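What follows is a single structure, written as structure tokens, with notes after it.
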Amino acid sequence: MVNLKTQKQSFKDKRSKQVPREEWLVFQGKHEAIVDETTWQAANDIRQKKRRNKPDSLGEPHPLTGLLICETCKSKMHHNRGTGKRTNKDTGEVTTWQKNYYTCKRSKHGAEYCTGHRINGGVVEELVLDVLQRVSQYAAANEKDFTRQINEMYSTQQADNVKAGRKKLKSDQSRHAELDKLIQRIYEDNYSGKINDKRFEVLSNQYEQEQAELEQAIAQLTADLDSYDDSTDRAAKFLELTKRYKEFTELTPTMLHEFVDRIEVHERADRRAVVTTQKVDVYLNFIGTYQPTIEQLEQAGLYTADQEQDPVAEAAHEKRMAKLLYQREYKKRRDANGGQPLGHFAGKRPDERTPEEIASVEAERKARLKEYHAKWYQDNKARMKAEQAEKRAAMTPEERAEASAKRTASRREYEQGYRERNREKHNTYMRERRKNQREQQTAILSKTPTAIATAI
Ligand SMILES: [Zn+2]
């Protein structure tokens, strides 16, 4: 039941004016509810959080729109969507991509307001789905344990909050009373001429403003303290929700707003990096950031160590991460190099490379490989020798004789092969050498005597 939707400005003013929503007098529970309170609350939340969540020229809004909050400045995050363009620096090729990421609204005004807090929409969706599935499965399967944990969590937290709230309320109330006295005093001082009208106006404005702010704070605190009393059935309310949404593999906006209060996104550990860590706190309705531990899930039979590890997906993920990390490192080195491309061909495409460059790069590569092998042998020589000695010591004399014969045979085979493999090479070399000598002689003989003297 809603009363006092309009109100007269003052007794002198006959016009009525729309009263802000927060000041409507709402009498709860006076009539029999048509929808239960939770559903009503959720529907109301959607109305408030998703005011602008209608499909527009960019299509359907993201299901999490309105739920993400910047952890630093507590403002709502903006969902960036639509089509973006990307130009390849080297080829000039333009490709398009679908934007789907959130950023802090205040970061648009520059770093002095807030920073980006950029996060991918798909990543948050996955995370929220994961959190919801885990918590609701656990809660539904272990109602008793779940209820006990929630009650414990809230009773300590609530006790702390109530204590802090009472303290703050007391200090606010005493300051409010003090301001009353101060206002009274400046009235008297102004009347008696101790302070002039201008000074009086400044002071009284200041005091009255502070008082108005205090009144607001006091009202909020009182309401908060009252609400703690009916927070005992949090677990029950959450369980009710889990029963309504038994099995889910997808997040619908209604369900999201019934389950999720807000999602606080921290700034990325490395703001510019492609791969980084980022903390995200998912606050669920009624139970806050509660989540069962791995041990509790294991005990409830809802988690096994290898459950989440699909080896193929894991390997693909590792590979992708390694590539991204390499690209990040490369970019750093490239920036350090004054933006110039690095690498053996200095950014040249295959068709731009000269045979000399290719040969020199190949020679370098071979030298590096040789060095690597030599180092590996140096590092592993002792170990390999020790292993061989151990193997030999464990052999019977017959085995040893057999192994020795085998080694000799294999060495002979190799030597024979080497000669054969290199005979052609040797012959070619000799042929070339003879040919060169002949050509040189012919050249010398065909030249003039002066030329002969120079050539020799
Ligand atoms: Zn922010």
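Values quoted throughout were computed directly from the atomic coordinates according to the rules given, and no laboratory measurement underlies them. Everything numeric here is computed off the predicted structure, so don't read it as measured data. For neighbour counting, all protein chains shown are included, and Cβ atoms are generated from backbone atoms with ideal geometry for every residue, glycine included.
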Inset, instruction - Pop a pseudo-label 7 angstrom from the Cα along the beta-carbon direction at both S410 and N120 and give the gap in nm to one decimal. - result: 4.9
Inset, instruction - Could you tally the net charge around I183, taking each other residue with its Cβ under 13 Å from the Cβ of I183, Lys/Arg +1 and Asp/Glu -1? - result: -4
Inset, instruction - Evaluate the relative contact order of the stretch 65-299 (contact order divided by residue number), counting alpha-carbon pairs under 8 angstrom at least 6 apart; express in whole percent. - result: 23
Legend entry - Sites K370 and A346, calculated FRET efficiency, Cβ-Cβ separation with R0 35 Å, nearest 0.05: 0.90
Inset, instruction - Enter the Cα centre distance for the pair the stretch 158-230 and the stretch 62-123, rounded to the nearest angstrom. - result: 41
Inset, instruction - Assuming R0 = 35 Å, can you tell me the calculated FRET efficiency for the pair L58 and Q291, based on Cβ-Cβ distance, to the nearest 0.05? - result: 0.55
Inset, instruction - Multiply the residue separation of E250 and L182 by 0.36 nm, subtract the distance between their alpha-carbon atoms, and state the gained length in nm to one decimal. - result: 18.5 nm
Inset, instruction - Report the GluC sites (Glu not before Pro) located in the stretch 357-434 that are in a DSSP loop and have at most 16 other Cβ atoms inside 10 Å of their Cβ, or state none. - result: none
Legend entry - Protection-proxy order for peptides 117-126, 200-209, each taking the mean of Cβ atoms within 10 Å per residue, highest first: 117-126, 200-209
Legend entry - Efficiency of FRET between Y191 and E213 - r from beta-carbon atoms, R0 35 angstrom, step 0.05: 0.85
Inset, instruction - Using only alpha carbon positions, build the gyration tensor of the stretch 65-299, then give the equivalent ellipsoid semi-axes as the square roots of 5 times its eigenvalues, largest first, whole angstrom. - result: 45, 32, 13
Inset, instruction - At 0.36 nm per residue, minus the direct Cα-Cα distance, what do N337 and Q98 gain on full extension? Give it in nm, one decimal, please. - result: 82.8 nm
